[in-house]
Amino acid sequence: QVQLVESGGGLVQAGGSLRLSCAPSGRLFGVNDMGWYRQAPEKQRELVAVISRGGSTNYEDSVKGRFTISRDNAKNTVYLQMNSLKPEDTAVYYCNFKVGVINYDYWGQGTQVTVSS
């Protein structure tokens, strides 16, 4: 079973930057949208950013202008560049791939991002 492997989380001070990456552990064909979600303690998981295979992007309002999602289709890898981080960005970040004609969901295991004030 192919899994999504995330990297790049950690602890950073407010105003700092982090770059998250996510790639499959094996070969994966037919990847459509790639996205990043996050879940803070006692909150629901929310969509942060999504990018289509063609490169169209959408962002949650609170991260617009600070976060940038990008992808490398040849490597089936998605990135999230996070700048001007705020304490309220603290959460576990999950990557998501929608695969195939039914947009089957693949999820990463989650990576912790902690922003100190």
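The values are calculated or read from the model by the stated rules, or taken from the named source; none is laboratory data. Predicted model, so just to flag it, every value in this text is computed and none were measured. Quick reminder, even Gly has a Cβ in these numbers, built from the backbone with ideal geometry, and neighbours come from all protein chains shown. Heavy atoms of the whole protein, side chains included, go into the accessibility calculation; ligands, DNA and RNA do not. Shrake-Rupley method; radii C 1.70, N 1.55, O 1.52, S 1.80 Å.
Which one of these is over 11 Å from the mean Cα position of the chain (by Cα), at pLDDT 95 or above and β-branched (Val, Ile, Thr): THR68, THR90, THR77? One residue alone meets the criteria, THR90.
Going residue by residue through segment 19-33, is there one that turns out to be out of contact with any Pro (no Cβ under 9 Å at 6 or more places or on another chain) and among the β-branched types (Val, Ile, Thr)? Spell out the reasoning first.
Within segment 19-33, the first condition is being out of contact with any Pro (no Cβ under 9 Å at 6 or more places or on another chain), and the residues that meet it are 19-30, 32-33.
Filter again for among the β-branched types (Val, Ile, Thr), leaving none.
No, because not a single residue in segment 19-33 is out of contact with any Pro (no Cβ under 9 Å at 6 or more places or on another chain) and among the β-branched types (Val, Ile, Thr).
Do you know which residues across segment 40-56 are open to solvent by less than 60 Å² (accessible area, probe 1.4 Å) and either at pLDDT below 95 or not in a loop (DSSP other than H, G, I, E, B) (or both)? The answer is VAL48, ALA49, VAL50, ILE51.
What strands (runs of 3 or more DSSP E) lie completely within segment 63-117 and have 2 or more residues being open to solvent by less than 50 Å² (accessible area, probe 1.4 Å)? Even if it seems obvious, please write down each step before you answer.
Values: elements: 67-72, 77-82, 91-99, 104-107, 111-116.
In segment 63-117, 67-72, 77-82, 91-99, 111-116 are the strands (runs of 3 or more DSSP E) which contain 2 or more residues that are open to solvent by less than 50 Å² (accessible area, probe 1.4 Å).
List pairs: first residue in segment 33-61 and charged (D, E, K, R), second residue outside any strand (DSSP E or B) and loosely packed, with under 14 Cβ neighbours inside 10 Å anywhere in the structure, Cβ distance under 8 angstrom, at least six positions apart or on different chains. Correct list of pairs: ASP33/ARG53; ASP33/ASN103; ARG53/ASN73.
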